[in-house]
Structures are given as structure tokens and as C-alpha cells.
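Have a look at the structure below, then the notes.
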Amino acid sequence: MAPLSTDLDDPQARPYFLWNEAITCAELRHKLAATDPDERALWIGRIMREARYQDVWKFVRLRDVLELLPRIDRHLGRTREFWRWLIQGWRDDGLIPRT
């Protein structure tokens, strides 16, 4: 298994935030492009739960988060309240549409 890396631009690097997975950045991007919304939600949730905030957006688009949020929510673990607070704040400030 390759060592963990913070070089998220290297397709062959193993992302530091998926320490328990033998997956490269390229493989992760492939999983994020899956047609199955539950699979996409699982991987987006893992990224949102484990990656530093600024690194989340290197892999995930906001529109995907908003579209899949009900499916992602169960995968957020201890970060669930942070993401709920953040997204609600963006909605309250008019930065993203209310649902």
C-alpha cells in the first residue's frame, strides 16, 4: 500500500484523509463519478468527514453536495453538525437556494 499523501493533484497519490482505504486520487475521482447516487454519497460523505475543509472542494462540487445531502448526511459522523450549520448559514445568507 502506498504511503498517505497530501499531494491531492497527483492521480497516483493515496489521499491522507482516506487512511483506512487503499485508494488513489484517480480511483477516488472515478468513484465520485459513479452513476449510483448512493455510492457517490458514500464517497462524498467520507471526504467531507475526514478531509480538511479546503481539500473537500478539490474533489467535490457544491451542487453535488446539495443534490445528495439527504444521502450524504448519514456518512458525516462527527462532522454532521458542522456541515448542517455551514450549509444552513449559506442558505440564510442567500448564497445558495433554500430547499
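Rule-based calculations on the coordinates, nothing more; no lab input. Because the structure is predicted, anything quoted here is derived from the model rather than measured. Methodologically, a virtual Cβ is constructed for each residue, glycine included, from the backbone with ideal geometry; neighbour enumeration extends over all protein chains shown.
Applying the criteria of a DSSP loop state and at most 16 other Cβ atoms within 10 Å to the GluC sites (Glu not before Pro) of region 1-44 yields E21. In terms of Cα atoms, the Rg and Dmax of region 4-92 work out to 12.6, 40 Å. Restriction of the trypsin sites (Lys or Arg not before Pro) in region 33-63 to DSSP coil positions whose beta-carbon has at most 12 other beta-carbons within 10 angstrom yields R52, R61.
Region 42-84 to region 1-26: how many Å between their Cα centroids? Rounded to whole Å, the Cα centres lie 18 Å apart. Per residue, the average separation of C-alpha pairs within less than 8 Å and at least 6 apart gives region 4-92 a relative contact order of 21 percent.
If you run the Gaussian network model on the chain, springs between alpha carbon atoms under 10 Å, then out of T35, T24, T79 the most flexible one is T35. Around the amide H of S5, modelled in the peptide plane, lie the amide H atoms of R14, Y16, all under 5 Å away and 5 or more residues distant in sequence or on another chain. The residues neighbouring D73, those whose beta-carbon lies less than 9 Å from its own, together hold a net charge of +4 under the Lys/Arg +1, Asp/Glu -1 convention. Model label points for A33 and Q54, set 7 angstrom from Cα along the Cα-to-Cβ axis, are 2.7 nm apart.
Here the extension length gained between D10 and F82 equals 23.1 nm, from 0.36 nm per residue of separation less the Cα-Cα distance.
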